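Colleague: I am attaching a structure below and will ask some questions about it afterwards.
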Amino acid sequence: MKILVVDDSATMRRIIMKHLNDAGYTGTVEAENGLEAISRMEGVELVLTDWNMPVMDGMSLVKELRQNPAYSRVPIVMITSIGARKEVVEALKQGVNNYIVKPFTPSILIEKIKSVIEVTA
Amino acid sequence: MDVKYINPFINALDHTMATMLGVAPERMTISVKSHNIALGDISAIIGFAGENVQGSIALSFPEKMALLLYRRIIGEVVTRINKDIEDIVGELANIVAGGAKTELENSRLFIHNAIPSVIVGKNHTIAHKGTTPFVLIPFQWETHYFTMEVSMKIESTGLLFKRALAARAT
């Protein structure tokens with residue numbers, strides 16, 4: 001499964017990709033902001049994105065993808081340190097399929113990803 | 001500064017260290033700091049602002065501990081502070097600030113966090129956004145000491161009301 005990991009922190013991308021790899025999700029690709037993510041969307045089946053990033057943030061990325069017929073149905077999980085209710089509701093309204101608040105354990109990450117894959121399959 | 005505004009940062013730090021590193025650093029005596037020289041070799045600072053509040057939070061680590069954090073989280077040994085170490089310290093600060101933001105909403109304090117800046121070097125300065133003096137919260141983990149600094153300026157509702165009236169008058 002091709003999963004795109006979007007985060008401005010290279011360390012956080014490595015952590016997420018390591019957890020994905022350990023759970024058997026190989027073939028992940030990465031981007032450090034929303035704009036770069038859009039250019040890497042070819043063949044992507046799941047997007048994991050941070051919210052607060054320079055150049056193009058995660059919420060702008062979600063809006064762009066949801067407006068693009070080619071990617072409007074690709075599941076998106078937001079992984080962010082922003083866990084306030086207002087922001088979570090806003091993200092879900094904009095089309096995010098699930099939401100993970102940092103810090104997270106590997107099991108939370110994988111459980112939520114599995115859940116999104118099941119629901120959107 | 002009211003302790004109810006400091007506790008969310010402490011709670012967020014505890015939660016972050018427990019979840020990401022599986023450790024529980026011991027909090028030491030909180031004090032007031034009136035100079036901007038960092039106590040660590042690498043610091044990450046994040047400014048935040050809301051309708052009636054502005055401030056910043058900084059985490060500052062000695063080099064040895066920053067390298068150890070990286071080793072525990074990523075599993076690789078690094079011998080000197082480099083871009084990866086800067087990145088992980090910035091991300092830790094980002095996560096702590098995000099956790100505090102969520103809890104501060106319980107006190108009706110709504111803030112937006114900026115993107116972290118990381119400063120490296122002996123005796124570097126930390127330029128807080130709020131007022132000085134600010135609160136210094138030292139922690140100990142095994143033989144390592146690190147600090148969190150919180151600077152926060154909260155305007156009283158009376159002042160906000162006066163400002164709103166002045167804005168309406170113009």
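The values are calculated or read from the model by the stated rules, or taken from the named source; none is laboratory data. What you see is a predicted model, and the numbers here were worked out from it, not measured in a lab. When we count neighbours, we look across all protein chains shown, and the Cβ atoms used for this are built from the backbone with ideal geometry, even at glycine.
Colleague: Checking B:GLU155 against (1) under 17 Å from B:PRO8 (Cβ atoms); (2) modelled with pLDDT under 90; (3) among the acidic types (Asp, Glu), which test does it fail?
Modeller: Checking B:GLU155 against (1) under 17 Å from B:PRO8 (Cβ atoms); (2) modelled with pLDDT under 90; (3) among the acidic types (Asp, Glu), the one that fails is (1).
Colleague: Return the residue satisfying two criteria in turn: it lies in region B:15-31 and is part of a helix (DSSP H, G or I) and of a type outside the set (A, V, I, L, M, F, W, C), and of such residues it is nearest to B:ARG72 (Cα to Cα).
Modeller: Residue satisfying both the conditions and the ranking: B:THR19.
Colleague: Here's a follow-up. Given the criteria surrounded by fewer than 20 Cβ atoms within 10 Å (Cβ to Cβ), more than 14 Å from chain B (Cβ to nearest Cβ) and in contact with a Pro (Cβ under 7 Å, 6 or more places away or on another chain), does A:VAL116 qualify?
Modeller: Yes.
Colleague: Is it the case, given these coordinates, that B:LEU39 is more than 14 Å from chain A (Cβ to nearest Cβ), in contact (Cβ under 8 Å) with a residue 12 or more places away in the chain, assigned to a helix (DSSP H, G or I) and not basic (Lys, Arg)?
Modeller: Against the criterion (more than 14 Å from chain A (Cβ to nearest Cβ), in contact (Cβ under 8 Å) with a residue 12 or more places away in the chain, assigned to a helix (DSSP H, G or I) and not basic (Lys, Arg)), B:LEU39 does not qualify.
Residue-by-condition table, conditions (1) among the aliphatic types (A, V, I, L, M); (2) in a loop (DSSP other than H, G, I, E, B); (3) touching a residue at least 40 places away in the same chain (Cβ under 8 Å):
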position	(1), (2), (3)
A:ILE16	yes, no, yes
A:GLY24	no, yes, no
A:ALA37	yes, no, no
A:TRP51	no, yes, yes
A:VAL62	yes, no, no
A:LYS86	no, no, no
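Colleague: Further question: Which one is nearest to the other protein chains (Cβ to nearest Cβ) among residues in region A:53-62 that are on the phi < 0 side of the Ramachandran plot and over 11 Å from the mean Cα position of the chain (by Cα)?
Modeller: Checked region A:53-62; the qualifying residue nearest to the other protein chains (Cβ to nearest Cβ) is A:PRO54.
Colleague: What residue, among those in region A:29-45 that are under 24 Å from B:MET20 (Cα atoms) and crowded, with 19+ Cβ neighbours inside 10 Å, is nearest to the other protein chains (Cβ to nearest Cβ)?
Modeller: A:ASN33
Colleague: Another one. If you go through region A:88-102 one residue at a time, how many are out of contact with any strand residue (DSSP E or B) (no Cβ under 8 Å at 6 or more places or on another chain), within 14 Å of another protein chain (Cβ to nearest Cβ) and touching a residue at least 12 places away in the same chain (Cβ under 8 Å)?
Modeller: Number of matching residues: 1.
Colleague: Same structure again: Looking at (1) surrounded by 15 or more Cβ atoms within 10 Å (Cβ to Cβ); (2) at pLDDT below 95; (3) away from every other protein chain (no Cβ under 14 Å); (4) under 13 Å from the mean Cα position of the chain (by Cα), find the lone condition where A:LEU65 falls short.
Modeller: A:LEU65 satisfies every listed condition except (2).
Colleague: Tell me whether region A:70-85 contains one or more residues that are within 9 Å of another protein chain (Cβ to nearest Cβ) and either at pLDDT 95 or above or within 27 Å of B:ASN82 (Cβ to Cβ) (or both).
Modeller: yes
Colleague: Provide a single number: the residues in region B:45-86 that are within 13 Å of chain A (Cβ to nearest Cβ) and in contact (Cβ under 8 Å) with a residue 60 or more places away in the chain.
Modeller: So the answer is 5.
One line per residue, one yes/no per condition, for (1) touching a Gly at 6+ places or on another chain (Cβ under 6 Å); (2) among the aliphatic types (A, V, I, L, M):
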position: A:ILE15; (1), (2): no, yes
position: A:LYS18; (1), (2): no, no
position: A:VAL47; (1), (2): no, yes
position: A:ASP50; (1), (2): yes, no
position: A:VAL96; (1), (2): no, yes
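Colleague: For region A:88-103, which positions are crowded, with 19+ Cβ neighbours inside 10 Å and outside any strand (DSSP E or B)?
Modeller: Matches in region A:88-103: A:ALA91, A:VAL96, A:ASN97, A:LYS102, A:PRO103.
Colleague: Say whether the condition of being of a type in the set (D, E, K, R) and under 22 Å from B:LEU109 (Cα atoms) is met by at least one residue in region A:88-100.
Modeller: Within region A:88-100 (the criterion being of a type in the set (D, E, K, R) and under 22 Å from B:LEU109 (Cα atoms)), the answer is yes, since at least one residue qualifies.
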